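What follows is a set of notes on a single structure, which appears directly below.
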């Protein structure tokens, strides 16, 4: 019987099934054409001994040959043969690029290649119909060739493209603007159903509107263009996924990089230049099984959060499996490898545990990665540690339950397209905000606005609505309903500011229930919390002052002028109210006029909302599926108390010891960078 792999819901959780049986979605990535081939082969053997048999690998070659020539599949076959020699039980997940055209093709089709604002050409245009058709044909041939020989070992396929293979527009980290080529213009005309439409010029794309926002009327065409560019990235991905399913009779997985809403908000041009803001559309594609990204390259070191790049919990809600690429630079990497390198064996083990807790608590997936093929994972100690993590996942697999955190972090793709070019808003509000969010002391869920407004996230008690600048009428109504249901909704900067053709502070006031007025500019977005005596009527205990926000002037700016709202913080430069809380209907509405927040204040608000807070804001907390993990972000010479949500027997799977019998709290002492991974029995 041919190998069958699929992702299906089991007890409400996306589950990897191989030949109909649930298996832990834990994998290895090897680079056998990297620096140390023998280390890669050794790592395959170590993983197999641990019970990790799924192996992802990359082929830096695609069999795109001139008409009449026979495709060469040897680069694929050589790696597959090598992996199977080391582990005959291996399940293979080949990764390959589809946008890296051979020179002969690019020379024959120069107009099909991407055109940047500096006049240079790049990879093939995502809008090229010629490329899409030919890529589909080549993909069909590849899948058929590999299935005919290795079908009983191939778990699925991982097509890649554009920047680092991760399906966002190439060179946007450099500040270049793509999308000036003829295929993109033709596609834009079809998108608008206007045969005379032209692409926005570089000057138009970078033009300011109403401060940091596009003008909803004068720049409507530019807003349409940013939305269109997201669609152009996703359209071919849907087609490639359909082809793989057709050629394998639906028996194999389709894996894609996509959805980096948080990470790509740090781009110099902002998230709208990325092509990654059509996740909501891609989640509706029935042919995609797994979406993935690396662990965030921001704040991933020992003592950091190791957070997600994407709204991963929306992915899981839609029945797709989220996969984290854990490419930790271990102690076996070079000192110059950077990106949060774990400098010692102890740090390596701790970071792997922290990262594992993020995925296991929500029933997600990961592969441990030696990106450069340099032997990063070729260690007895590393695999002894990973073996214990694999065992934990095996234990929770039969009885996993949906992840239901009490804090929901909410992002809106459409609103990101309504911002002017640049990252003044997106960098602090979405990318860097993760630093604070992971230090509240309670687990988080990361969701798309559409899922919150459609009622899929009713379990949360506190909603941190980061960037709902331009919600639809239906979304405005749904957000107001959260307050009627007794929830706490925390709004940032300009919630609901854009409403149809208008952009005003009145729209913010209408949505939040807190009267906000507009300033042409806030001299500094930095704010500080007020003493506790000033906020006691709101029930929020601010036991210490805290400064947060950004130092750059912000336009437009907004301040609270509402006598019935209680002040929580004021702007440093003007002493006007920056943060306020107010009873609205049965819930709490909290407005932040800043692009950032302090972890201490957010933790106090979480407690006010009834969220169970496990520990101090000095710890990164993961909790779910009877797993609790705490990762220390600061050095401490004294212990701290960890509060459990219910009386539990607490087991340490790393040491093999029971550390608490039927307890409600634990006293722990963690050094910076340490992870305590526990099971609640």
Rounded to the nearest 5, the percent of DSSP beta bridges in the chain running antiparallel is 55 percent
Using a 10 Å cut-off around each Cβ, can you sort 366, 285 from fewest to most neighbouring Cβ atoms?
285, 366
Let me see the pair-distance distribution of the range 462-608: every alpha carbon pair, 5 Å bin width, integer percents in order.
2, 11, 21, 25, 21, 13, 6, 1, 0
Neighbour-count order for 344, 567, fewest beta carbons within 10 angstrom listed first:
344, 567
Potential extension, residue 164-residue 477 segment - 0.36 nm per residue separation minus Cα distance
108.7 nm
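May I ask you to derive the FRET efficiency for residue 49 and residue 551 from their Cβ-Cβ distance with R0 = 30 Å, giving the value to the nearest 0.05?
Approximately 0.05, to the nearest 0.05.
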Ratio of the Cα radius of gyration of the range 157-202 to 2.2 N^0.38 Å, where N counts its residues
1.41
Rounded to whole Å and sorted largest first, list the principal axis extents of the Cα atoms in the range 569-681.
55, 35, 20
If you project the alpha carbons of the range 619-680 onto the principal axes, what extent comes out on each, in Å, largest first?
29, 20, 18
Everything considered on the Cα gyration tensor (a ≥ b ≥ c; rounded for a/c under 1.5, else prolate if a/b is larger than b/c, else oblate), the range 430-527 must be described as oblate
In Å, the C-alpha Rg and Dmax of the range 190-295 are 16.5, 52
Residues of the range 31-75 with backbone nitrogen within less than 20 Å of a virtual label 7 Å along the Cα-to-Cβ line of residue 394, please, listed as ranges.
43-56
Less than 14 Å from a label point 7 Å out along the Cα-to-Cβ axis of residue 338: which backbone N atoms in the range 354-386 qualify, by residue?
none
Taking the convex hull of the Cα atoms, report for the range 337-406 its projected area averaged over all directions, in nm².
5.7 nm²
Roughly what would the spin-label model give for residue 70 and residue 586, points 7 Å off Cα along C-beta, in nm?
7.2 nm
From the Cα centre of the range 32-70 to that of the range 649-681, the distance in Å is 38 Å
If the chain between residue 19 and residue 662 were fully extended at 0.36 nm per residue, the gain over the current Cα-Cα distance would be 227.5 nm
Can you sort 424, 309 so the residue with the fewest Cβ neighbours within 10 Å comes first?
424, 309
Percent breakdown of C-alpha pair distances by 10 Å bin, ordered from the shortest bin, for the chain:
3, 15, 25, 26, 19, 9, 2, 0, 0
Run the paramagnetic zone check for residue 60: 7 angstrom along Cα to Cβ, then residues of the range 142-170 with backbone nitrogen under 15 Å.
164-165
Plugging the Cβ-Cβ distance of residue 637 and residue 372 into 1/(1 + (r/R0)^6) at R0 = 35 Å yields, to the nearest 0.05, a FRET efficiency of 0.40
Run the numbers for residue 564 and residue 485: contour at 0.36 nm per residue of separation, minus the present Cα-Cα distance, in nm.
26.4 nm
Nitroxide proxy distance, nm - points 7 Å out along Cα→Cβ at residue 108 and residue 198:
3.3 nm
Which FRET efficiency value, to the nearest 0.05, do you get for residue 649 and residue 37 by plugging their Cβ-Cβ distance into 1/(1 + (r/R0)^6) with R0 = 56 Å?
0.75
Beta carbons within 10 angstrom, averaged per residue: use that to sort the peptides 85-94, 46-55, highest first.
46-55, 85-94
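No value in this document is a laboratory result; all are computed from the given coordinates. The model shown is predicted, which means the values in this text are computed figures rather than measured ones. Heads up, the Cβs are rebuilt from the backbone with ideal geometry, glycines too, and the neighbour counts pull from every protein chain shown.
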